[in-house]
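Let me give you the structure first, and then I'll get to my questions.
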């Protein structure tokens with residue numbers, strides 16, 4: 001894909017990624033955030049986080065399916081960092097609007113309410129990933145960068161667990177994103193396996209023929 | 001939220017019923033009609049929803065047999081056509097859409113207590129000193145307040161201590177939560 005088209009696509013992706021937060025700002029200023037603004041903001045930012053994480057996790061499986069899609073890699077960091085952005089807004093909303101920065105209240109919550117334990121842990125796992133997202137870090141860390149960034153799988157799974165643990169018994173809202181994440185997580189070993197089978201099936205041709 | 005309910009004291013209704021002296025508790029059974037309430041088909045609580053009060057709690061003037069709110073009749077989701085409101089207890093005690101009232105000799109089963117007895121007791125008085133096993137009850141967010149000052153300290157008996165504390169004098173409210 002030519003560079004010009006990628007730049008144009010990146011502009012669109014930026015706008016799409018900014019839409020959730022801009023929508024919240026618009027509603028806060030011009031219309032309404034509903035009867036419980038804290039909940040509205042928390043839910044919108046949380047949803048944006050898990051959706052962006054899952055979309056970023058779709059990139060590698062798609063690239064493996066077709067070499068023509070290899071340019072997608074140039075969007076993975078953008079999506080991952082936006083996921084961290086919304087995760088941080090989500091955490092900040094919990095700290096500020098929900099707990100009013102009351103340290104006693106928050107430590108009781110983090111220790112006692114397991115969905116908050118899971119959520120805070122997921123954010124803590126995303127933090128080093130965001131901090132090492134630069135080209136400098138990739139160069140400096142080399143092979144270790146790959147290993148470190150596997151934490152994104154743990155963070156995404158913890159995020160989905162956080163979602164299930166916070167909804168009331170009987171509520172199935174987290175189901176669709178869980179299934180999509182499940183497919184994407186399975187897609188990696190599956191595409192590796194398919195790739196290996198393809199390579200094994202091809203006859204090895206000596207270069208001198 | 002702080003709601004202006006409309007109704008009259010349940011005690012007036014109970015007096016009209018003339019319960020026997022052996023009646024120690026009042027049980028409330030709610031409507032469980034799958035046609036109007038499709039969520040009932042899902043596995044969650046035991047339906048019909050059951051709640052109960054000790055006779056002295058039911059006869060307390062603050063226990064409201066409720067028919068409306070904000071000057072209008074109760075909407076379906078708020079417990080139409082008639083519900084009770086017990087303002088010093090956690091919300092799930094205020095049973096909605098009541099169709100049966102029973103006067104019973106022993107403590108009746110209640111929906112949430114059946115579902116999670118270690119989390120929901122029979123009395124369920126608002127009590128900041130007794131935590132729910134999975135979360136603290138020390139503070140609350142009052143919806144309707146500006147969102148930058150919603151959180152406030154929870155009051156014992158939801159602020160009705162002067163009116164109802166005597167009902168529980170001598171009782172261990174940690175055991176009888």
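Only the coordinates and a few stated rules stand behind these numbers; no lab work does. Everything numeric in this text was worked out from a predicted model, so none of it was measured. With ideal geometry, Cβ positions are generated from the backbone for all residues, glycine too; neighbour counts draw on all protein chains shown.
Specify whether the C-alpha gyration tensor of chain B places it in the rounded, prolate or oblate class, a ≥ b ≥ c being the square roots of the eigenvalues: rounded for a/c under 1.5, otherwise prolate if a/b is larger than b/c and oblate if not.
Judged from the Cα gyration tensor, chain B comes out rounded (a/c under 1.5).
Of the peptides B:92-99, A:82-89, how do they stack up when ordered by the mean number of other Cβ atoms within 10 Å, highest first?
Packing proxy ranking, top to bottom: A:82-89, B:92-99.
With contacts defined as alpha carbon pairs under 8 Å and 6 or more residues apart, what's the relative contact order of chain B in percent? Spell out each step's value before the answer.
Working: 309 pairs, mean separation 41.1, N = 177.
Relative contact order here is 23 percent.
For n ≥ 4 DSSP H runs only, could you compute -39500 (n - 2.57) per run for chain B, divide by its residues and tell me the 222 nm figure to the nearest 500?
The helix contribution divided over chain B gives -2500 deg cm²/dmol.
When the scattering of the range A:114-175 is computed by the Debye formula from its Cα atoms alone, each counted once and equally, what is log10 I(q)/I(0) at q = 0.24 Å⁻¹?
Listed by q, the Debye log ratios stand at -0.90.
Residue A:107 versus residue B:114, label points 7 Å from Cα toward the beta carbon: distance in nm?
Those two pseudo-labels are separated by 4.2 nm.
So for B:24, B:156, fewest C-beta neighbours within 10 Å to most, what's the order?
Least to most surrounded, the residues fall as B:24, B:156.
What distance in nm separates the two pseudo spin-label positions at residue B:8 and residue B:132, each 7 Å out from Cα along the beta-carbon direction?
3.5
OK, next. Hey, fewest Cβ within 10 Å first, where do B:124, A:66, B:169 land in order? Please report the intermediate quantities before stating the final value.
Working: B:124 20, A:66 9, B:169 6.
Least to most surrounded, the residues fall as B:169, A:66, B:124.
Provide the gained length on full extension for the span residue B:155 to residue B:42, in nm with one decimal, where the gain is 0.36 nm per separating residue minus the Cα-Cα distance.
Numbers: separation 113, 0.36 × 113 = 40.68 nm, distance 3.51 nm.
Contour length minus the Cα-Cα distance gives 37.2 nm.
Please tell me the relative contact order of chain A in percent, rounded to the nearest whole number, where contacts are Cα pairs under 8 Å and at least six residues apart. Before the final figure, lay out each step's value.
Numbers: 145 pairs, mean separation 41.9, N = 209.
It rounds to 20 percent for chain A.
Further question: Compute the whole-percent fraction of alpha carbon pairs in the range A:83-209 spaced more than 22 Å apart.
The proportion of pairs with Cα distances above 22 Å equals 55 percent.
Semi-axes, largest first, in whole Å: what does sqrt of 5 times each Cα gyration tensor eigenvalue give for the protein assembly as shown?
54, 23, 20
On average, how many beta carbons from a partner chain sit within 10 Å of the beta carbon of a residue in A:172-180?
If you average over the peptide's residues, the count of other-chain Cβ atoms is 0.
Now for a different question. Which of A:49, B:154 has the fewest other C-beta atoms within 10 Å, and how do the rest follow up to the most?
In order of increasing Cβ crowding within 10 Å: B:154, A:49.
What length, rounded to one decimal in nm, is gained on full extension from residue A:33 through to residue A:136, with 0.36 nm per residue of separation minus their alpha-carbon distance?
Length gained, residue A:33 through residue A:136: 33.0 nm.
Here's something else I'd like to know. Return the calculated 222 nm mean residue ellipticity for chain A, to the nearest 500 deg cm²/dmol, obtained by summing -39500 (n - 2.57) across DSSP H runs with n ≥ 4 and dividing by the residue count.
Mean residue ellipticity, 222 nm, calculated: -26500 deg cm²/dmol.
Something else about it: State, to one decimal in nm, how far the label point of residue B:23 lies from the label point of residue A:51, with both points 7 Å from Cα in the Cβ direction.
The modelled label-to-label distance comes out at 5.4 nm.
Across the residues of A:33-41, average count of Cβ atoms on other protein chains within 10 Å?
That average works out to 3.
Would you kindly state how much longer the chain becomes between residue A:164 and residue A:13 on full extension, computed as 0.36 nm times their sequence separation minus their alpha carbon distance, in nm to one decimal?
Length gained, residue A:164 through residue A:13: 51.5 nm.
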